[in-house]
Amino acid sequence: MSRYARISDAIAASRGAHWHATDALIRAALLGGGFVVAGALMHEVELVLMGVPLLLSLLFARKPSGEPGVTVRPLPRLAEPGSAHTAADIDPATDTELVVVRLPHETRAYPSGAGTIPIEVRRDAWGPGVDLRVDHLFAGPDALHVYGPVVGVEHSRTVLPPLQYLPAGPLPPRAAGLVGAHRSPRPGDSTELRDIRAFQPGDRLRRIDWRISLRTGNLHVRERHAEADAEVVLAVDTRSDVAQDVAGWAAVEYGTTTRTGGSLDRAVRTAASLAASYLRQGDRVALVDLGRPQLNVRSGVGRRHLLRLRNQLVVCARAAGWAQRPYLPHISYGAVVVVLSPFLDNAVAEIAVHAARRGHLVLAVDSLPSPLLPDAEEPWGVAATALIAAEQRARLALMARHGVVVTTC
């Protein structure tokens, strides 16, 4: 709904929020008075008999008193995709007989004493949006006086990205950990040998390898890997959102957070599912917005952190837009980096390669819808689409040659 439509609804609501006569009452007064006057002038009793009942109905038409209203029970601010249930409580005024309520998908009339109206709200698309606005109108006896129409209060919700079961992806080698579930690059106490080095002041005597020490004549110690939880960084490319139809890439879609089935929609859904999979096995997960680093989320664990990540993914998608250069902040050594992008430019591919060169385990998730549909209205549409697909395949192959694991949503 546009801003001007909301302003006009507010003006209409302010004008209609009082008891006022309907067209039926005005017609009864005009017709009744007209029939009586015409019958008296024309000496026609039939016309008088037709007008008298209308005038008598006006005498018995009582104007209700008080200010009725409809109160909607609030919906949770965050919700899962699907149906949600709430209710509206009717507060009628004296002599009110009928209330007409406009629900999201229908308009119904209820007796004023109905009390509570059940309401079902359904939204499968993730993202912010207005899910409920209950407009209502109260009517008095014979609907000769009405209160309203009253524009209801908008109730907004943020539907979180849905979760699907996905494998957690590549991780450091797992061990029956002492501290964590994965092997850490730093030294510590574990069962897996990391290195044998010369004895240094501060080393424990129980770590001395006596066989090598006797063979070399100098003390040597065994250094082992530490066991730790894996740290996973989900890097989402929000700089572009493209659909399968290449002709619509330059078009702007109003009223939606992302293009349904587009690259950003696929990336957000996959990121949410991967976060749930990693967090389920006890790993730490962080979120990075390659286009807007100020929206990043630090690593954490647990269900509350998953809720925070899903909510932040909606925020990142809502603020999505082109950025000249993607940015990946400093990441602790040994972390797993998952880059979710359509890989339509070289900059994001270079980020994945540089992260792999720094010793990170990098997983590149291609979110570009496939196959791409060329623009049928342009003579060069097929050639342009083939060129885009070929360049994207070349970037994926280049990342694979540099040790990046490449997969698709």
* Among the residues of the range 273-282, which ones are surrounded by 23 or more Cβ atoms within 10 Å (Cβ to Cβ), in contact with a Gly (Cβ under 9 Å, 6 or more places away or on another chain) and not aromatic (F, W, Y)? -> L274
* Mind telling me which of the residues S184, S273, S240 ends up being among the small types (G, A, S), at pLDDT below 85 and either out of contact with any Phe, Trp or Tyr (no Cβ under 7 Å at 6 or more places or on another chain) or in the same structural domain as L340 (by TED's automatic domain parsing) (or both)? => S184
* Just for the range 247-262: of the residues that are of a type outside the set (A, V, I, L, M, F, W, C) and more than 15 Å from the chain's Cα centre (by Cα), which one is modelled with the highest pLDDT? -> G248
* Any residue at all in the range 16-26 that is at pLDDT below 80 and polar (S, T, N, Q)? -> no
* Asked: Which of the residues belonging to the range 103-112 are open to solvent by 30 Å² or more (accessible area, probe 1.4 Å) and touching a strand residue (DSSP E or B) at 6+ places or on another chain (Cβ under 8 Å)?
  -> P104, T107, R108, A109, Y110, P111
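Listed here are the residues, each with its yes/no results for (1) surrounded by 12 or more Cβ atoms within 10 Å (Cβ to Cβ); (2) farther than 19 Å from T270 by Cβ; (3) touching a Phe, Trp or Tyr at 6+ places or on another chain (Cβ under 8 Å).
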| site | (1), (2), (3) |
| --- | --- |
| P369 | yes, no, no |
| W380 | no, yes, no |
| Q392 | yes, no, yes |
| R395 | yes, no, yes |
| C409 | yes, no, no |
* Asked: If we scan the range 383-391, do we find a residue that is over 20 Å from V233 (Cα atoms) and under 21 Å from the mean Cα position of the chain (by Cα)?
  -> no
* What number of residues within the range 14-45 are exposed (fewer than 14 other Cβ atoms within 10 Å of the Cβ) and more than 30 Å from V150 (Cβ to Cβ)? -> 7
* Which residue, of D142, D91, is in contact (Cβ under 8 Å) with a residue 60 or more places away in the chain, open to solvent by 40 Å² or more (accessible area, probe 1.4 Å) and over 29 Å from the mean Cα position of the chain (by Cα)? -> D142
* To do: Would you point out which residue out of V121, V100, V48, V70 is touching a residue at least 12 places away in the same chain (Cβ under 8 Å), surrounded by 15 or more Cβ atoms within 10 Å (Cβ to Cβ), of a type outside the set (D, E, K, R) and under 30 Å from L306 (Cβ atoms)?
  => V121
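The values are calculated or read from the model by the stated rules, or taken from the named source; none is laboratory data. Just so it is clear, the structure is predicted and the values come from calculations on it, not from any experiment. So basically every Cβ, Gly included, is an ideal-geometry build from the backbone, and we count neighbours across all protein chains shown. To get the accessible areas, we keep the full protein, side chains included, count just its heavy atoms, and leave off ligands, DNA and RNA. Shrake-Rupley method; radii C 1.70, N 1.55, O 1.52, S 1.80 Å.
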